[in-house]
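Let me begin by presenting the structure, written as structure tokens, before commenting on it.
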Amino acid sequence: MRFKSVFTFVFTAFALCASCGVFARAEAPIYKVPEKPTTNYVFDENRLLSAQQFKYFDQLSNELYGKTGIRLAVALMDDIGEINANGYAAQLAGKWGIGSEGDSGILIFVALKQRRRSVEIGSEIANVVPDTDIDKLQQKFLIPAFRKEKYGEGILQMSYSLAQAICKQKGVSLDVAPANIPGEEPMTVRGWFFIVAVAAFLVLSAKSGKRLTIKSKHINVQSRLWSSFGQKEPGKLGDGRW
């Protein structure tokens, strides 16, 4: 009888703890995510998109929202460390509250350093664009462009394809044309000048390590030219230091 009483007590205690959530699964971790931009729906940490690409995305996102109530957003992160990219993207989409109901939007998420990507869809439009279609669009547009480091083009092509698929399901059409998607901006004169200057500096630094032999009638000195990074010849031509 005593054993039965102990068993009944343990079983009852376990049931009460389970009902109170003591043995419930641990909650998802909370990440520190950026705030939603105040003027648009693009968070571009490394400024990968040009001004024209920003403008095109805003037009596309605003038109889609006006006709369907579904909002497109983009988050291009530089480095999220070792945290889970999908969990981070889902939490970011939830915090931003994308779409007319706060859960009727699409977030294209990219972590550049980790080379991770994710497309988060609100539960209100899960049946509008199936996951299989989204994966096909990523394979067709996003991945090839990213491998060529054409991030802006990949984002815009992916965004337009998603918007077009949504409009087709909703029975509306887009006024923004895919032919107007801005390409990557060419290197500016200032950019080329910077590259040439860095290359010249590296060449001169490499040459500064070569030995020069100085010969004269009374002096035969062997010395080394050093770069200006604080290295000094150790006392062969005098002990002047800085």
Report summary line: Residue hits (the stretch 45-61; open to solvent by 20 Å² or more (accessible area, probe 1.4 Å) and either over 25 Å from residue 128 (Cβ atoms) or assigned to a loop (DSSP other than H, G, I, E, B) (or both)) are 45, 46, 47, 48, 51, 52, 54, 55
Query raised in the report: In this structure, does residue 64 turn out to be touching a Phe, Trp or Tyr at 6+ places or on another chain (Cβ under 8 Å), at pLDDT 95 or above and open to solvent by less than 70 Å² (accessible area, probe 1.4 Å)?
Result: no
Report task. State yes or no: is residue 15 assigned to a loop (DSSP other than H, G, I, E, B), small (Gly, Ala, Ser), open to solvent by less than 80 Å² (accessible area, probe 1.4 Å) and modelled with pLDDT under 65? Result -> no
Requested in this report: Give the number of residues within the stretch 73-90 that are within 18 Å of residue 54 (Cα to Cα) and of a type outside the set (A, V, I, L, M, F, W, C).
Outcome: 1
Query raised in the report: Among the numbered criteria (1) modelled with pLDDT of 55 or more; (2) surrounded by 10 or more Cβ atoms within 10 Å (Cβ to Cβ); (3) farther than 30 Å from residue 164 by Cβ, which single criterion is violated by residue 8?
Result: (1)
Query raised in the report: When you look at residue 104, is it open to solvent by less than 20 Å² (accessible area, probe 1.4 Å) and modelled with pLDDT of 90 or more, yes or no?
Result: no
Query raised in the report: Looking at the stretch 27-38, is at least one residue modelled with pLDDT of 90 or more and either touching a Pro at 6+ places or on another chain (Cβ under 7 Å) or not in a loop (DSSP other than H, G, I, E, B) (or both)?
Result: no
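The values are calculated or read from the model by the stated rules, or taken from the named source; none is laboratory data. Only a predicted model underlies this, so the values are computations on that prediction, with no experimental measurement involved. Using ideal geometry, Cβ is built from the backbone for each residue, glycine included, and neighbour counts are taken over all protein chains shown. The area values use the complete protein model at the heavy-atom level, side chains included, leaving out ligands, DNA and RNA. Shrake-Rupley method; radii C 1.70, N 1.55, O 1.52, S 1.80 Å.
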